[in-house]
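Structure below; questions to follow.
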Amino acid sequence: MTMEPLDHAVMVCPDLDAAAQAWRRFGFTLTPRGHHSLGSQNHCVMLARDYLELLHVTVPSPTRRYYWDAQQAGAGCAALSCKSGDAFSAAAQLRGGGWHTSDPIEFSRPVRLDDGTERPATFRVTAIDDAPGARFFFCEHQTPELLWRPEWTTHANGATGIATMFLVVAPALVEAAGRAYAELTGGEMTQLSDHICSLALDGATLVVTTPQALAAATGTGHVRRAVPGYAAIRLRTGDLAAAREGWRAACVDALDLGPGESLIPASAAGGVALLFEQAR
């Protein structure tokens, strides 16, 4: 695969209203509640070129079964995607390379704009069934202009983009998982130790680590996860000081890790730790 940039991370939310309320308190601007044609609902945190999706599955349909099962198990970051210029062609290429992919799907959701009009945002995705650690998929945006809009990409906490995703896998799988994601994304893998590897993904990083090495990978012992899956997301912010003021005013359980980084723990952020770093 040629290198594709990150597109978005998916947070499953058993209670979407409560999640939206919490993330607004964190200083994020959320898109209006969306209703997918597949039977799921969402709010999105649109960043400069990637985003975070708060997803709630209403019925366990075949195309939503993975997210339904993840949601039944609790909240958290259940999946990561990279962008694709043609998700259906990507599926064919991946299958030719021996990967097992779900059948590519096309779906939509109405987007209500500030002028009162409503237009359908359309997507095409292909998911990798055997991606290690958590679901990985490619997302083709056919109407990106309906999502990356100025009214939704400015956040009180100054967030501008995903800097790092931290994926936990079993100790014996770190190198294999790193090589798998390098093949899937075209990213360059660096083996940092027997327990941590890192992939460079066009301005962002995917770190694969064991539960035991998570503190070393994230730089703090306050991030923990014992089972496979995404433990933390590091976000860039243009104004960490303003973010901290906003969290104090909203009584958000945030921890300052140093002059240039803060943490909202997984217990407060619906199952995934949010690290905020001051952009340089």
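Looking at the structure I just gave you, is LEU167 without any contact (Cβ under 8 Å) to a residue 60 or more places away in the chain and of a type outside the set (D, E, K, R)?
no
Now, a different point. Restrict the check to the stretch 20-41 and report whether at least one residue is outside any loop (DSSP other than H, G, I, E, B) and buried (at least 22 other Cβ atoms within 10 Å of the Cβ).
So far as the stretch 20-41 goes, yes, one or more of its residues are outside any loop (DSSP other than H, G, I, E, B) and buried (at least 22 other Cβ atoms within 10 Å of the Cβ).
Please go through the stretch 262-276 and give me each residue that is of a type outside the set (Phe, Trp, Tyr), in contact with a helix residue (DSSP H, G or I) (Cβ under 8 Å, 6 or more places away or on another chain) and modelled with pLDDT of 95 or more, ordered by number.
Result: SER262, ILE264, ALA268, ALA269, ALA273, LEU275.
Does the stretch 30-82 hold any residues that are more than 16 Å from the chain's Cα centre (by Cα) and among the acidic types (Asp, Glu), and which are they?
Within the stretch 30-82, just ASP69 meets the criteria.
When the stretch 174-223 is examined, which residues are found to be more than 19 Å from SER81 (Cα to Cα), small (Gly, Ala, Ser) and free of Cβ contacts under 8 Å to residues at least 24 places away in the same chain?
Answer for the stretch 174-223, where residues must be more than 19 Å from SER81 (Cα to Cα), small (Gly, Ala, Ser) and free of Cβ contacts under 8 Å to residues at least 24 places away in the same chain: SER193, ALA213, ALA215, ALA216, GLY221.
In the set LEU147, LEU94, which member is within 30 Å of ARG244 (Cβ to Cβ), buried (at least 18 other Cβ atoms within 10 Å of the Cβ) and either assigned by TED's automatic domain parsing to the domain that holds ALA19 or of a type in the set (A, V, I, L, M) (or both)?
From the options LEU147, LEU94, the qualifying one is LEU147.
Which one is nearest to HIS36 (Cα to Cα), of the residues in the stretch 101-113 that are in contact (Cβ under 8 Å) with a residue 40 or more places away in the chain and of a type in the set (A, V, I, L, M, F, W, C)?
Among those that are in contact (Cβ under 8 Å) with a residue 40 or more places away in the chain and of a type in the set (A, V, I, L, M, F, W, C), it is PHE107.
Just give me the residues in the stretch 42-64 being among the β-branched types (Val, Ile, Thr) and within 17 Å of PHE26 (Cβ to Cβ), in sequence order.
Correct list: VAL45 only.
Out of LEU6, LEU54, LEU47, I need the residue that is in contact with a His (Cβ under 6 Å, 6 or more places away or on another chain) and within 27 Å of ARG225 (Cα to Cα). Which one?
Unique residue meeting the criteria: LEU54.
Hey, among ALA159, ALA180, which residue is crowded, with 20+ Cβ neighbours inside 10 Å and closer than 16 Å to ARG49 by Cα?
Result: ALA159 is the single residue among ALA159, ALA180 that is crowded, with 20+ Cβ neighbours inside 10 Å and closer than 16 Å to ARG49 by Cα.
Inside the stretch 73-100, can you point out the residues that are modelled with pLDDT under 95 and under 22 Å from ARG33 (Cα atoms)?
GLY74, ALA75
Return the pair list, or none, for Cβ contacts closer than 8 Å from residues in the stretch 30-51 that are within 23 Å of THR63 (Cβ to Cβ) to residues that are of a type in the set (D, E, K, R) and in a loop (DSSP other than H, G, I, E, B), at least 6 apart or on different chains.
Sorted first by the residue in the stretch 30-51, then by its partner, the pairs are GLN41/ARG33; ASN42/ARG33; HIS43/ARG33.
Taking only pairs six or more apart or across chains, which ones have beta-carbon atoms under 7 Å, a first residue in the stretch 238-250 that is closer than 14 Å to GLU261 by Cβ, and a second residue that is among the aromatic types (Phe, Trp, Tyr) and at pLDDT 95 or above?
Short answer, once both residue conditions are applied: LEU240/PHE276; ALA243/PHE276.
Then there is this: Quick one: is GLY116 in a loop (DSSP other than H, G, I, E, B) and without any contact (Cβ under 8 Å) to a residue 24 or more places away in the chain?
Spelling it out, GLY116 is indeed in a loop (DSSP other than H, G, I, E, B) and without any contact (Cβ under 8 Å) to a residue 24 or more places away in the chain.
Additional query: For the stretch 48-64, what are the residues that are among the hydrophobic types (A, V, I, L, M, F, W, C) and either surrounded by fewer than 21 Cβ atoms within 10 Å (Cβ to Cβ) or assigned to a helix (DSSP H, G or I) (or both)?
Across the stretch 48-64, the qualifying residues are ALA48, VAL59.
Let's see how each residue does on (1) out of contact with any Cys (no Cβ under 9 Å at 6 or more places or on another chain); (2) closer than 26 Å to ALA180 by Cα:
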| site | (1), (2) |
| --- | --- |
| ALA19 | no, no |
| LEU38 | yes, no |
| ASN42 | no, no |
| MET46 | yes, no |
| ASP69 | yes, yes |
| ASP86 | yes, yes |
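The values are calculated or read from the model by the stated rules, or taken from the named source; none is laboratory data. In this text, all values refer to a predicted model and were calculated from it rather than measured experimentally. Heads up, the Cβs are rebuilt from the backbone with ideal geometry, glycines too, and the neighbour counts pull from every protein chain shown.
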